[in-house]
Amino acid sequence: MMRVEPILLEGHTAIAIEVKLPKTTLLVVTTDKGYIMCGALDVALLNERLSDRNIIAARATGVRTIQELLDAPLESVTYTAEDMGIVAGMTGREAIIRMM
């Protein structure tokens, strides 16, 4: 099952996506510029093998809901996200706001 819903943050709309898979759930909150995702995101792959794409993304681990993804501290971020002031330790919500 997949669920997609808008999330209003500081007057801007992001999109939350939840995909229920066997034994796991993929969680993503995205904007036009970038996204945050659950632990399934491979930030090292984005930074190393896909670096030419300049992807703005961040990962939070140990989250099971969209709300937890927004509230959790980020575990890792891409180099391009760092260039925007998004850093490990800030909340997913703070990162998404910077991506708007």
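Among the conditions (1) modelled with pLDDT of 95 or more; (2) assigned to a loop (DSSP other than H, G, I, E, B); (3) open to solvent by 60 Å² or more (accessible area, probe 1.4 Å), residue 89 misses just one, which is (3).
Those residues that are out of contact with any Leu (no Cβ under 7 Å at 6 or more places or on another chain) and either part of a helix (DSSP H, G or I) or not aliphatic (A, V, I, L, M) (or both), I need them from the range 68-78; list them, please. Selection gives 68, 70, 71, 73, 75, 76.
Of everything listed in (1) touching a strand residue (DSSP E or B) at 6+ places or on another chain (Cβ under 6 Å); (2) on the phi > 0 side of the Ramachandran plot, the single unmet condition for residue 23 is (1). Only a single criterion out of (1) of a type outside the set (Ser, Thr, Tyr); (2) in a loop (DSSP other than H, G, I, E, B); (3) open to solvent by less than 70 Å² (accessible area, probe 1.4 Å) is not satisfied by residue 7, namely (2). Note on the range 38-67: among residues that are assigned to a helix (DSSP H, G or I) and open to solvent by 30 Å² or more (accessible area, probe 1.4 Å), the one that is farthest from residue 80 (Cα to Cα) is 67. Using the structure shown, decide if residue 81 is touching a strand residue (DSSP E or B) at 6+ places or on another chain (Cβ under 7 Å), within 13 Å of residue 34 (Cβ to Cβ), in a helix (DSSP H, G or I) and open to solvent by less than 30 Å² (accessible area, probe 1.4 Å). The answer is yes for residue 81.
Quick one: how many residues across the range 45-76 are more than 19 Å from residue 13 (Cα to Cα) and in contact (Cβ under 8 Å) with a residue 12 or more places away in the chain? Qualifying residue count, the range 45-76: 16. Taken over the range 10-33, the criterion of being over 19 Å from residue 91 (Cβ atoms), of a type in the set (D, E, K, R) and not in a strand (DSSP E or B) is satisfied by 23, 32. Within the range 12-32, not a single residue is surrounded by fewer than 18 Cβ atoms within 10 Å (Cβ to Cβ), in contact with a helix residue (DSSP H, G or I) (Cβ under 9 Å, 6 or more places away or on another chain), farther than 18 Å from residue 96 by Cα and among the charged types (D, E, K, R).
The values are calculated or read from the model by the stated rules, or taken from the named source; none is laboratory data. In this text the structure is predicted, and so the values were computed from the model without any measurement. In this analysis, Cβ positions are derived from the backbone assuming ideal geometry, glycine residues included, and neighbour counts consider all displayed protein chains. We work out accessible area using only protein heavy atoms, side chains counted, and drop any ligands, DNA or RNA first. Shrake-Rupley method; radii C 1.70, N 1.55, O 1.52, S 1.80 Å.
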